[in-house]
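S.K.: Got a structure here, written out as structure tokens. Questions coming.
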Amino acid sequence: MLKKTSPGDLYLSIQDLWKAFGEFLALRDISLDINEGEFICFLGPSGCGKTTLLRAIAGLDLQTKGTVMQDGKDVSNLPPSERDFGIVFQSYALFPNLTIEKNIAFGLENTGRSKSEIAVRVAELLNLVGLPDQGSKYPAQLSGGQQQRIALARAIATNPGLLLLDEPLSALDAKVRVHLRHEIKELQRKLGVTTVMVTHDQEEALAMADRIVVMNHGVIEQVGTPTEIYRHPANLFVADFIGEMNQLPAVAGDAETLELGGSILKCEPHSLQKGNRIVAAVRPEDIIPHGEGARSPDAPDVITTPENAFEVLITEMEFLGSFWRCRLSHQTFGARELIGDFSINAVRRLGLEAGEQMMIELPRNRLMAFTPAEEG
Amino acid sequence: MTDTTSLPAGPLIKGKLSRDDLIMRGGMMVIALYLVVTLAFPLWAMLSKSFSTYRIELSQYEFQVSDDNGVFSGTILNGTQLNTETGAYTDQELSTGSDGRLSVTPFFPDFSFRSPVMYRIRNTVPDGRFLIGSNLQKGTDWVVLDSNTFRRVQLRPVKATGIENFANYFSTPALFNSVKNSIWIAIVSTIITVTLAFWFAYALNRSCMRFKGMFRLVAMAPILVPSLLPGIALVYLFGNQGMLKELLFGASIYGPIGIVIGSVFFTFPHAFLIISTALAISDARLYEAASSLRSTPWRTFWTVTIPGARYGLISAAFVVFNLVITDFGLPKVIGGQFNVLAVDIYKQVIGQQNFEMGAVVSVVLVVPAILAFAIDRLVQSKQVALLSARSVPYRPKSNPKTDRIMLIYCSMVALFIVGMLAVCQFAALIKFWPYDLSLSLNNYQFDKMDGGGWGSYFNSIKMALLTAVIGTSIIFFGAYLVEKSNGFKTGRALFQMFAMLPMAIPGMVLGLAYIFFFNNPSNPLNAIYGTMAILVICSVTHFYTVSHLTAVTALKQMDTEFESVSASLKQPTMKLFARVTVPVCLPAILDISIYLFVNAMTTVSAVVFLYSPKTTLASIAVLNMDDAGDIAPAAAMGMMIFYTNAAARILHLIASKGILSRTQAWRSR
């Protein structure tokens, strides 16, 4: 198929999209642009509308309102068979009574290709997904991961302009999942096909996507690269949904401060009204452990107190393999405990133990201020 | 920020229909239309027939008598007036059927067809009607007739709509009694069958006795014969010259006793299947919990087994009730003077040619049938919810004592079933019971008897094959369309409703409804009346529901995304249907076809009104030969049906195994 666009150009454009199921609004005013060759992940909790959005793009469940432009063409009301996409489902949806070869060839038939051309293409695809000699088997004879690769091969057989993946890895074992997500990403890069994947697994999204679309309750919360989303979550929902986040009730201060339990802390710049109730948030791995205090490299004997520092009690330590998870309490946090993830190295070096006091720092460029959830 | 709490105004997206959507909707409409024409319209025709009343309106006629010279000078006489004066007809005689005719000479006591007196008659209203010989007279002009012609004048009734037929029905004890009889028989048979079937199923599912496979086979055997066959066996066993007549201590088998025993025989497999399924899905964890709580077996039985199977029991009870109350063949053969609803329909229609009353009885019969059907559906939908993926299948432990008791019990039930069939086979081979007990094949010379001879047997096979092939195609395709097409929600819901309806309609009612609808000369489909086509159509429609449900169950197990994948690959849905759906569902398709074949072979009720001399059927031949007193040939023909169905079953088994091993290779890992 001849494309009008080249890599980097706008390929898929969704404007003011709504989807209603009776009274329930599954998608509310969604607008999103996707570029040629991009790998996009729709990420969100179940029921957030991500699959609904994917199915609207495919034409499988038409949106109630709004337009979908694909490759410069308005496809808003077209049935799936008149759109240009390949799709892979969580269930693989391989035809059980057809061999692997016939499954892959299914979409190549009736397209003007000769039998030998089809055979060549099928062999090529089997090679591409790394299963060159499984062609004569039936789907049930393959493992879940292998079946998913065949489903992928079938979806890309006709060189569609858009590849849609609906939770393709959810039904697989953790190990296979990690392995296959690399392969899919690799394949996508090789083919340069614009890809939209739906997932509820943040790790998957962070590892695979060029850009992540975080969704909740039918609206887009944030669109950004994995690092943007992780480092600079747009709001408390995104901060909480992706990665782990300590949340402490606080009050907004100036543009770069917040007040936590009476102490003024430096934090990431925010635009919240001074004096408003806010949530102070910091990721467990961003908390810096200091033992009894910070030592400057210039004067190792002098113990200074770093900014945003707290003298906390380690109430509990949990060994999680590659790091220690510590529960830290301080009177300013109230009944809440802070969770800090410290490297094994740091724990050994500082001699941390449950029941002991320690000094921690909430680094200013890692401490964020958000509007509390009930107002958002 | 824009408001995201409510849908903005403006036009909604209207999806463009793809070619596949159009094909599937079109197909669905065609099959829905088939159901409307073969089910809804006939039932409507029947319903309106039951409310049609016919009455001779005497006030619509005027008469005048001439003197001996043919001069009309006397008074003009009104019909009503004449009847009051002469008392010629009672009021009841004036209420009649659509074919009612009334002679007018009784109004004139001194009438003589040799007299020179002339008569004049006219309608007082333009649409009044009377016959002179076979010529219909309409209009209000006077017609002058000599007395010889006048005696050939017959008044015709006026059609009206009203509930008189029903009033008439319920005020006639002879008819109304049948309601009581039918319900009574159905309840007694239901209690006995469900009890017997429960313990039989319990033994097969919960004990470690031997010969389970054989018992399962025997339990299903009654499905293969027409319901009237046990009646014939009972006649031989307990009839006036029966082998075991003394066992009844003087009671007559012709009547409720015979109907109940025969009903237990032919409904047993249905109850057994349902209860067996319910017992098979019981969760072993509940029994482990019960035994760890030191519950006695008796208590476990009442707190775990029975509640687990309760929906199965209720469902079985309503299915059996429905089968018994709507059955026609058995009470026809063994019912004697004991009237039931289904036989009443037959008697009204075939015996008395009173179609309106036949329609009324049909409507009366449909009420309990629909009620039983509705409750059964409700209960079955709950049964599904009981299944859980985490259930652990129950494995019975061996207990020599209970196993032996169960084995004895099952052997007795099996003996009952096999015994009935054996008696029929025995009867068929005896030269002349009870006087000449030598064996012969004389009873198989069907061509020498009433009922259509061997031709009817081959007609039956042809009809059953056509029903199986055509029915399976229509039903499976229809189920596919309704399960897998997009959108079109109202249409699909309506279709589902139509597909469920046939199960609630007794065969007799459907057959009678077909007469009213297809035998109407103004119906363009009138041509199929009396042909093989109407028998096939009637059978397909009659057995539609169970087949449809089988197809839907199989289709629901297919991945819902196959159609989406196919559309994304730009392949026609019909290609997917042919290449994937049909091959994968082949086991279900074969099940549907054998179900249709066996039922078409054994059905009596649905086709008893519809066969013609050219299309007599084996099951009807059994009925007619029995009616004519040729009981032994009737038994012989009944057993022919049994052997044919058994052979079909075996063939089906072999064919399924062969086809499945080739087409279902993918199922094995």
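S.K.: Between helix B:453-484 and chain B, what is the angle of the helix's C-alpha long axis to the longest principal axis, kept within 0 to 90° and rounded to the nearest 10?
M.R.: 60 degrees
S.K.: Still on this model: So, by mean Cβ neighbours within 10 angstrom, what's the order for B:4-10, B:363-369 with the highest one leading?
M.R.: Per-residue mean Cβ counts within 10 Å order the peptides as B:363-369, B:4-10.
S.K.: Is there a simple number for the mean count of other chain Cβ atoms within 10 Å of the Cβ of residues in A:52-60, and what is it?
M.R.: Across A:52-60, the average partner-chain Cβ count within 10 Å equals 2.
S.K.: Now, a different point. So, in nm, how far is label B:Trp454 from label B:Leu217 when the simple model puts each one 7 Å beyond its Cα toward the Cβ?
M.R.: 2.9 nm
S.K.: Answer with one residue from A:Cys326, A:Thr225, A:Asn345: the one whose Cα lies farthest towards the positive end of the charge dipole of region A:198-355, charges on Cβ with Lys, Arg +1 and Asp, Glu -1.
M.R.: The listed residue farthest towards the positive side: A:Cys326.
S.K.: Given R₀ = 56 Å, FRET efficiency for B:Cys208-A:Ser31 by Cβ-Cβ distance, to 0.05? Before the final figure, lay out each step's value.
M.R.: Values: r = 67 Å, r/R0 = 1.20.
It comes to 0.25.
S.K.: To continue, here is another question. For the protein assembly as shown, place one equal point scatterer on every Cα, skip the solvent, and apply the Debye formula. What is log10 of I(q)/I(0) at q = 0.07, 0.09 Å⁻¹?
M.R.: -0.87, -1.13
S.K.: Give me the lysines in straight-line cross-link reach of B:Lys159: C-alpha distance below 20 Å, same-chain residues under 8 apart excluded.
M.R.: Once the sequence-local lysines are set aside, what remains near B:Lys159 is B:Lys49, B:Lys138.
S.K.: Rounding to the nearest 10 and keeping the result within 0 to 90°, find how far the Cα-based axis of helix B:631-663 lies from the longest principal axis of chain B.
M.R.: Compared with the principal axis, the helix lies near 40 degrees.
S.K.: When a footprinting reagent is the concern and you count Cβ atoms within 10 Å, what order do B:Met209, B:Met118 take, fewest first? Spell out each step's value before the answer.
M.R.: Working: B:Met209 23, B:Met118 20.
In order of increasing Cβ crowding within 10 Å: B:Met118, B:Met209.
S.K.: Could you give the dipole magnitude of region B:548-596 about its Cα centre, charging the beta-carbon of Lys and Arg +1 and that of Asp and Glu -1, in debye to the nearest 20?
M.R.: 180 debye
S.K.: Based on the inverse mean of 1/r over its pairs of different Cα atoms, what is the Kirkwood hydrodynamic radius of chain B, in Å?
M.R.: In chain B this quantity evaluates to 28.8 Å.
S.K.: Continuing with the same structure: So which lysines can A:Lys266 reach, going by Cα to Cα under 18 Å and dropping same-chain residues fewer than 8 places off?
M.R.: A:Lys274
S.K.: Students often check this: by mean Cβ neighbours within 10 Å, which of B:619-629, B:438-448 ranks highest, and how do the rest follow?
M.R.: B:619-629, B:438-448
S.K.: May I ask you to derive the relative contact order of region A:315-372, considering only C-alpha pairs under 8 Å and at least 6 residues apart, and to give it as an integer percent? Working shown, then result.
M.R.: Details: 55 pairs, mean separation 16.1, N = 58.
Relative contact order here is 28 percent.
S.K.: Would you tell me the mean number of C-beta atoms belonging to other protein chains that fall within 10 Å of each C-beta in B:556-564, as a whole number?
M.R.: Mean number of neighbouring Cβ atoms from other chains: 5.
S.K.: Just how large is the dipole of chain B about the Cα centre, in debye to the nearest 20, putting +1 at every Lys and Arg Cβ and -1 at every Asp and Glu Cβ?
M.R.: 3100 debye
S.K.: Residues in region B:560-579 near a label at A:Glu109, defined as backbone nitrogen under 17 Å from the 7 Å Cα→Cβ point?
M.R.: B:562-579, by backbone N distance to the label point.
S.K.: Additional query: Taking Cα atoms, how many degrees apart are the long axis of helix B:400-429 and the longest axis of chain B, rounded to 10 and kept between 0 and 90?
M.R.: Long axis of B:400-429 versus the principal axis of chain B: about 40 degrees.
S.K.: Give me the tail of P(r) for region A:119-261 as a percent: Cα-Cα pairs with distance above 22 Å.
M.R.: 51 percent
S.K.: Then there's this: As an exercise, use a Förster radius of 25 Å and the Cβ-Cβ distance of A:Asn127 and A:Ala171 to find the FRET efficiency, rounded to the nearest 0.05.
M.R.: Once rounded, the FRET efficiency stands at 0.50.
S.K.: May I pose another question? Take the Cα pairs of region B:77-154, get the Kirkwood Rh, then feed it into Stokes-Einstein at 20 °C and 1.002 mPa s and tell me D in µm²/s.
M.R.: In µm²/s, the coefficient rounds to 161.
S.K.: Roughly how many debye, to the nearest 20, is the charge dipole of region B:285-440 about its Cα centre, given +1 on each Lys and Arg Cβ, -1 on each Asp and Glu Cβ, and no other charges?
M.R.: Values: 14 positive and 7 negative charges, 200 e Å.
Computed charge dipole of region B:285-440: roughly 960 debye.
S.K.: I'd like the mean, over residues of A:86-97, of how many other protein chain beta carbons sit within 10 Å of each residue's own Cβ.
M.R.: Partner-chain Cβ atoms within 10 Å, mean over residues of A:86-97: 6.
S.K.: Please list B:416-426, A:268-278, B:173-183 highest first by mean number of surrounding beta-carbon atoms within 10 Å per residue.
M.R.: Top of the packing list down: B:416-426, B:173-183, A:268-278.
S.K.: With unit charges on the beta carbons (Lys and Arg positive, Asp and Glu negative) and the dipole taken about the Cα centre of the protein assembly as shown, which residue among B:Tyr119, A:Val176, A:Gly112 sits farthest to the positive side?
M.R.: Sorting the options by dipole projection puts first B:Tyr119.
S.K.: If contacts are Cα pairs under 8 angstrom and at least 6 residues apart, what is the relative contact order of chain B in percent?
M.R.: 17 percent
S.K.: Starting from the Cα of A:Glu356, step 7 Å along the direction of its Cβ; do the same at B:Phe301; then give the gap between the two resulting points in nm.
M.R.: Output for this residue pair reads 7.0 nm.
S.K.: Placing +1 on the Cβ of each Lys and Arg and -1 on the Cβ of each Asp and Glu in region B:44-154, which of B:Phe72, B:Phe107, B:Ser52 has its Cα farthest towards the positive end of the resulting dipole?
M.R.: B:Ser52
S.K.: Set the Förster radius R0 to 30 Å, insert the Cβ-Cβ distance between B:Trp199 and B:Ala284 as r into 1/(1 + (r/R0)^6), and round the FRET efficiency to 0.05.
M.R.: So, using R0 = 30 Å, E works out to roughly 0.90.
S.K.: Sticking with this one: Can you tell me, using C-alpha contacts under 8 Å and at least 6 residues apart, the relative contact order of region B:544-635 as a whole percent?
M.R.: Relative contact order comes out at 22 percent.
S.K.: What distance in nm separates the simple spin-label points at B:Ile408 and B:Ile370, each placed 7 Å from Cα in the Cβ direction?
M.R.: Spacing of the two 7 Å Cα→Cβ label points: 4.9 nm.
S.K.: What are the semi-axes of the equivalent ellipsoid of region A:77-128, taken as the square roots of 5 times the eigenvalues of the Cα gyration tensor, listed largest first and rounded to whole Å?
M.R.: Computed over region A:77-128, the values are 20, 16, 10 Å.
Bear in mind these aren't lab numbers, they're just calculated from the coordinates by the rules spelled out. Fair warning: this is a prediction, and the values are worked out from it, not measured in the lab. With ideal geometry, Cβ positions are generated from the backbone for all residues, glycine too; neighbour counts draw on all protein chains shown.
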